[in-house]
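Beneath this line is the structure, given in structure tokens, with notes to follow.
The values are calculated or read from the model by the stated rules, or taken from the named source; none is laboratory data. Please read these numbers as outputs of a predicted model, since none were measured by experiment. Reconstructed Cβ throughout: ideal geometry from the backbone, glycine too, with neighbour counts over all protein chains shown.
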Amino acid sequence: MLREILIIVIKKFIHQFASPKTYFYQVNRLYPWLLYISISIYISAIIWGLFFTPKDFVQGHSYRIIYFHVPASFVAQSLYAAMAISSAVFLIWRVKLAAYLARSIAPVGAMVTFIALVSGSIWGIPTWGTWWEWDARITSTLILFIMYLGLISLHNSFNNFDKADKLFSYLAIIGFVQIPIIKKSVDWWSSLHQPASITISDKPSIDPSMLYPLFMAMIGFAGLVACIVILSSKVQIYIREKNKNWVKDYV
Amino acid sequence: MESSYLIEANNLAYKINEVKLFTNFSFSLKAGEALHIKGSNGSGKSTLIRILCGITPSSKGKVYKKDELVFSYLGHKNALKTYLSVRDNISLLGLSDHEGLESLLSLLDLSEKLDVIVANLSFGQQKKVALLRIFLTGADLILLDEPFVGLDSNSHDLLCKFLEKKLHAGSGLIYTSHIPTGIRSKDITLD
Amino acid sequence: MESSYLIEANNLAYKINEVKLFTNFSFSLKAGEALHIKGSNGSGKSTLIRILCGITPSSKGKVYKKDELVFSYLGHKNALKTYLSVRDNISLLGLSDHEGLESLLSLLDLSEKLDVIVANLSFGQQKKVALLRIFLTGADLILLDEPFVGLDSNSHDLLCKFLEKKLHAGSGLIYTSHIPTGIRSKDITLD
Amino acid sequence: MNILLLLKNEALKLVKKTRAWLGPILIFILIMVAFPLTIELTSNNLSDAFYPVLFISILLVMMLATEGIFLEDYEDGTLELFLISKKSLSQWVFLKIFMHWLLIGVPISLLGAFFNLGANNDLSSSLMIFPALLIATYIFLILFCFGNSLSLTKGSALGTLITLPLTLPILVILGKLNTAIIFNINYFEFLILIFGVLSIIIFAFPAIISRIIKTHLE
Amino acid sequence: MNILLLLKNEALKLVKKTRAWLGPILIFILIMVAFPLTIELTSNNLSDAFYPVLFISILLVMMLATEGIFLEDYEDGTLELFLISKKSLSQWVFLKIFMHWLLIGVPISLLGAFFNLGANNDLSSSLMIFPALLIATYIFLILFCFGNSLSLTKGSALGTLITLPLTLPILVILGKLNTAIIFNINYFEFLILIFGVLSIIIFAFPAIISRIIKTHLE
Ligand code: HEM
Ligand SMILES: Nc1ncnc2c1ncn2[C@@H]1O[C@H](COP(=O)(O)OP(=O)(O)OP(=O)(O)O)[C@@H](O)[C@H]1O
Ligand SMILES: Nc1ncnc2c1ncn2[C@@H]1O[C@H](COP(=O)(O)OP(=O)(O)OP(=O)(O)O)[C@@H](O)[C@H]1O
Ligand SMILES: [Mg+2]
Ligand SMILES: [Mg+2]
């Protein structure tokens, strides 16, 4: 008896919290804060990294693209994880908001993955002397990109949103297997790409003067991407619920 | 008593992309009864039958079926493999040893077509093969979506007779048809 | 005079694998006349129509057509691309600018379905789209194989009216149907 | 009994539809016969290129074999009937995949081992590649079925786009296995690895696929 | 005008049916991306295997692109309507093949040249391979259409079996051309050879194919 009441209460709570409307207004309050803080972190990281760290022993100035490349590569995968989790939440608890979120992460993920690919390619020209190499990590990043595209086109090809959400979620969850593969690819396969433990210079671990700004850059970048996800999710909520009264009122 | 009904629908509604196809559809069907679903083209008859079968979920409302209800369904599609012979198509459902097969085949004028591949049959003959498979499966409830389409008057009468026999024997029947059938049934119209 | 006939068939016969389907089929059709081909399932009606169209060659006999006869044909298959919208299917025949399109669409209750892909239409709606394309093509001779299948009574009447108007305007019509149609026509029965 | 009927049905459908059954096998033979022609070669080059071509063509042929694997049953209404009959859809999916493997995957693995004999003139490597191909064909079949079920009504382009990322890791492992065979090291490690993958997905995926198909039928 | 409508129709059908259009292109990309992964590579091996894989996959992809090229129109009744309309069937076949080439053959030739850049890092060989691919894709398309028209209702296995012997000579010439490019000799000789083949079959085959289709419709 007590347990049932408890379940009902929890369900009510989840329901309340997971209503697109609540989410919409909460996120609206959060958004400016997140945006300004992330921008300032990212900009200061870049200023620190670009102007106040020494030139790399081997690569000269070209290594500074790291403040772009590593955050993008990292966030590209994290976004996928977030999307897969959202999808699982949708499939298990039928929370509509989770499906909206998952769907809105996909294009952002594709974009960030694309940035990772392009920045890596540009970086490859001075360092490896080629802009592309069929190496495991690079290829698997390309695959991640294709995966995002596949998810988006899967969702777009159904005009019945209910169906589209379910199918999207199944695929997103199954596709998660590639994340560990990307992560581990450098260790499992001999590869041109930087393994996690070895740095760009010949030193055994990354120099703190590079590490701290890199760390900051990653946080700032992640925050910025989160802002874009928020925007994208608002668009998604608008598309799905434009017939609902609260959306009409809001607009 | 609930349990005297074969199938019961309560306030069914169906929306597709937020457009209502039908709302508030309720009925109940006892053993031996037939229900004729009428309505113009695109009014949602086929969709309704699919909801009753449990293939499509309804947007609102519920369908109650008797426990362990065995039912068979034939939609606009015949579910025949056109590249297989009539015999193979029947044996796909494990019905090739059915004792009633021979007589039904000759009734439907299909005896000679047993080894012809379905693609080489005429439109009406294909429908008859599909119906034959329904006849052979014993079912408590038969759902047919425009079964009379393409049948000549002879086969039409045969189908009616068969269905009436089934009704007598205590099965239920739900069907759609744009042409009069001659089966005594409750009508219901979707608009 | 020969030339007053739209189409004339002389002693047509058709065998398939040396089994006769029909023999000695003759008729002639003047402008303004309709011919209703009757027969049980599998008697060869569709085959006959295809022979008249010139798709299938007959085993014996000949079909004479008026010079430069323009004719349109709709068989059991709708010749629609189900993955394209109704609009695209119409424009495949170059008919999307036809002035009669709008009014016909609303008559057939299809105005709202113009951008729906054909696969998402109901059975009867698909038939109506196929018929719509026939309506839009001006032809001296119309050959229809069971065009009334799956149509609700409203659309059935519309089709009859349209065909009668065409007959008045001097077209010829050859069709098959298992159900009574209400079009005044010569009958001929294949057995 | 029931399972037997299902198996028999799938076999009947597959065999009678030569496009679905003989087609992929013929195409595989075509590739393996044609590819040496495109190389102006010393046989050294030939055996260099042999394994990549073998793996890629197996991938492709499995893709072909599963093209429209559920589409026919979806379009002609068989799937709806099946759903109504209260039999287990995931069991049916499993049996369908299994039948495809038996009738296409196994012959192709055999042929692959045979062609390996031709290209490398080496019996032991053929014996080593055979079980790997057996496993790989099964895995590919399952993955492509997954993609095909997702894109059921939307054509196989989408299905391919979806499945592509999932098959690549397997290809990479096959590449490793190839090296392992050539240098005769670690062979069993990689074989066990793909076998492990197979044993995870062999039952899990049919269940997922059956849920996806149900979603489509709604 | 009439021709324009036909062309527009074929383009519309092909593009809307992504399975027929994007599918083959995607599969081509898949192969070219996947095959390096199967080689444990020094980039030397990679460019050794590149050309065979390129040619074989172009052959395959053209086969896929033409699979059921006439079947759909046959099954849904469009072909009958066409026959009645007194338009030239062989013109229609020609336009259909041409449209497939434009929408699938050309992109794939471009991609092939591009991947060649990736594998060999050599612009001049890419520029040389591109026209050869353009011609080869057209020839393959025509030949496979021929096979498909023969086996129209009987599935593509038969069609493949029929076409296979016809495509082999082209593959051999492509192999020669490949050597010609690498050693920079005789390139134009071979190019003119396949161009000659194309110019013979480009009009002859549509006429033959249209007769075959008519026979099927009877
Ligand atoms: C298109 C080419 C490239 C792609 C797709 C790519 C992709 C990636 C990915 C996926 C990561 C992992 C991020 C994470 O898990 O946190 C990464 C990290 C990294 N990449 Fe790249 N990369 C490319 C080119 C390069 C180049 C040319 C360099 C420099 C020589 C480079 C240097 C690094 C470094 C230093 C890391 C951080 C390693 C760590 O500590 O984990 N990458 N890249
Ligand atoms: N995905 C979709 N998008 C838009 N409309 C759809 C979709 N799916 C179905 N419909 C519409 O829903 C209706 C379904 O009709 P249904 O097939 O149930 O009709 P019906 O009553 O059986 O008609 P008929 O007598 O012609 O068989 C049609 O009007 C169809 O256009
Ligand atoms: N290849 C073949 N092998 C054997 N029989 C065939 C073949 N092709 C056609 N037939 C037979 O020829 C007849 C063709 O019938 P057709 O389609 O003309 O009939 P119909 O009068 O239109 O019938 P319906 O009213 O059912 O449409 C059928 O009996 C069919 O079985
Ligand atoms: Mg219907
Ligand atoms: Mg007929």
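For region C:41-75, which positions are touching a Gly at 6+ places or on another chain (Cβ under 8 Å), at pLDDT 90 or above and of a type outside the set (Lys, Arg)?
Hits for region C:41-75 are C:41, C:42, C:46, C:49, C:63, C:75.
Determine, yes or no, whether residue C:22 is in contact with a helix residue (DSSP H, G or I) (Cβ under 8 Å, 6 or more places away or on another chain) and within 16 Å of ligand 3 (Cβ to nearest atom).
It is true that residue C:22 is in contact with a helix residue (DSSP H, G or I) (Cβ under 8 Å, 6 or more places away or on another chain) and within 16 Å of ligand 3 (Cβ to nearest atom).
Every residue in region A:133-174 that is under 20 Å from residue E:32 (Cβ atoms) and of a type in the set (Val, Ile, Thr), please.
A:138, A:139, A:141, A:143, A:146
Do any helices (runs of 4 or more DSSP H) lying entirely in region E:65-112 carry at least 3 residues that are of a type in the set (A, V, I, L, M), and which ones are they?
Per the criteria, E:78-84, E:89-100.
Please verify whether region C:28-40 includes one or more residues that are under 30 Å from residue A:157 (Cβ atoms), assigned to a strand (DSSP E or B) and either hydroxyl-bearing (Ser, Thr, Tyr) or within 16 Å of ligand 4 (Cβ to nearest atom) (or both).
no
Quick check, is residue B:79 within 29 Å of residue C:179 (Cβ to Cβ), of a type in the set (A, V, I, L, M, F, W, C), within 16 Å of ligand 4 (Cβ to nearest atom) and away from chain C (no Cβ under 13 Å)? Outline the logic, then answer.
Working: within 29 Å of residue C:179 (Cβ to Cβ): yes; of a type in the set (A, V, I, L, M, F, W, C): yes; within 16 Å of ligand 4 (Cβ to nearest atom): yes; away from chain C (no Cβ under 13 Å): yes.
In short, yes.
To keep it simple, each residue is scored yes or no on (1) buried (at least 21 other Cβ atoms within 10 Å of the Cβ); (2) basic (Lys, Arg); (3) touching a helix residue (DSSP H, G or I) at 6+ places or on another chain (Cβ under 8 Å); (4) away from chain E (no Cβ under 14 Å).
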| site | (1), (2), (3), (4) |
| --- | --- |
| A:112 | yes, no, yes, yes |
| A:134 | no, no, yes, no |
| A:144 | yes, no, yes, no |
| A:151 | yes, no, yes, yes |
| A:165 | yes, no, yes, yes |
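Of everything in region C:88-113, what is farther than 24 Å from residue B:77 by Cα, within 14 Å of chain B (Cβ to nearest Cβ) and surrounded by 15 or more Cβ atoms within 10 Å (Cβ to Cβ)? Give them in sequence order.
C:105, C:107
So residue C:117 ticks every box in (1) more than 22 Å from residue E:73 (Cβ to Cβ); (2) crowded, with 16+ Cβ neighbours inside 10 Å; (3) modelled with pLDDT under 90; (4) within 11 Å of another protein chain (Cβ to nearest Cβ) but one. Which box is left unticked?
(1) is the only condition that residue C:117 fails.
For region B:32-61, what are the residues that are under 29 Å from residue D:89 (Cβ atoms) and of a type in the set (A, V, I, L, M, F, W, C)?
Within region B:32-61, B:35, B:37, B:48, B:49, B:51, B:52, B:53, B:55 meet the criteria.
If a residue must be within 16 Å of ligand 5 (Cβ to nearest atom) and more than 28 Å from residue E:76 (Cβ to Cβ), how many such residues does region B:119-155 contain?
Number satisfying all stated conditions: 2.
Mind telling me which of the residues A:105, A:85, A:125 ends up being part of a helix (DSSP H, G or I) and either at pLDDT below 85 or within 14 Å of chain E (Cβ to nearest Cβ) (or both)?
A:125
On the basis of being within 16 Å of ligand 3 (Cβ to nearest atom) and outside any strand (DSSP E or B), does residue C:81 make the cut?
Working: within 16 Å of ligand 3 (Cβ to nearest atom): no; outside any strand (DSSP E or B): yes.
No: the conditions fail for residue C:81.
Just name the residue that is farthest from the other protein chains (Cβ to nearest Cβ) out of those in region D:1-22 that are of a type in the set (D, E, K, R) and surrounded by fewer than 19 Cβ atoms within 10 Å (Cβ to Cβ).
D:8
Out of the residues in region C:1-55 that are β-branched (Val, Ile, Thr) and in contact with a Ser or Thr (Cβ under 6 Å, 6 or more places away or on another chain), which is nearest to ligand 2 (Cβ to nearest atom)? Quick ask: steps written out before the conclusion?
First, the residues of region C:1-55 that are β-branched (Val, Ile, Thr): C:7, C:16, C:19, C:23, C:37, C:47, C:49, C:51, C:55.
If we keep only those that are in contact with a Ser or Thr (Cβ under 6 Å, 6 or more places away or on another chain) too, we end up with C:37, C:51.
Details: C:37: 25, C:51: 30 Å.
The extreme case among them is C:37.
For region A:102-134, how many residues meet the condition of being touching a residue at least 40 places away in the same chain (Cβ under 8 Å) and over 22 Å from the mean Cα position of the chain (by Cα)?
The qualifying residues number 4.
Could you grab me the full set of residues in region E:166-187 that are under 30 Å from residue D:15 (Cα atoms) and within 10 Å of chain D (Cβ to nearest Cβ)?
E:167, E:168
Given D:157, D:180, D:132, which one is within 13 Å of the chain's Cα centre (by Cα) and among the small types (Gly, Ala, Ser)?
Only one candidate passes the filter, namely D:132.
Can you give me the ranges of the helices (runs of 4 or more DSSP H) entirely in region E:120-218 with at least 1 residues that are touching a His at 6+ places or on another chain (Cβ under 7 Å)? Write out each step before concluding.
Details: elements: E:123-150, E:156-183, E:187-217.
Where helices (runs of 4 or more DSSP H) fall fully within region E:120-218 and carry at least 1 residues being touching a His at 6+ places or on another chain (Cβ under 7 Å), they are E:123-150.
Among B:64, B:73, which is the only one that is among the aromatic types (Phe, Trp, Tyr), within 16 Å of ligand 4 (Cβ to nearest atom) and under 23 Å from residue D:86 (Cα atoms)?
The conditions single out B:73.
Which residue pairs have Cβ atoms closer than 7 Å, lie 6 or more positions apart in sequence or on different chains, and pair a first residue in region C:128-154 that is without any contact (Cβ under 8 Å) to a residue 60 or more places away in the chain with a second residue that is acidic (Asp, Glu) and within 16 Å of ligand 3 (Cβ to nearest atom)?
Pairs that qualify, where the first residue is without any contact (Cβ under 8 Å) to a residue 60 or more places away in the chain and the partner is acidic (Asp, Glu) and within 16 Å of ligand 3 (Cβ to nearest atom), are C:150/B:146.
Would region D:148-161 turn up any residue that is within 26 Å of residue A:146 (Cα to Cα) and more than 13 Å from chain E (Cβ to nearest Cβ)?
Checking region D:148-161: at least one residue is within 26 Å of residue A:146 (Cα to Cα) and more than 13 Å from chain E (Cβ to nearest Cβ).
May I ask you to list the residues in region C:41-65 that are more than 16 Å from the chain's Cα centre (by Cα) and surrounded by 20 or more Cβ atoms within 10 Å (Cβ to Cβ)?
C:41, C:42, C:43, C:58
Looking at (1) within 13 Å of chain C (Cβ to nearest Cβ); (2) more than 16 Å from ligand 5 (Cβ to nearest atom); (3) part of a loop (DSSP other than H, G, I, E, B), which is the only condition residue B:58 fails?
Residue B:58 satisfies every listed condition except (1).
Do the conditions hold for residue B:49, that is, is it in a helix (DSSP H, G or I), within 16 Å of ligand 4 (Cβ to nearest atom) and within 27 Å of residue C:109 (Cα to Cα)?
Yes.
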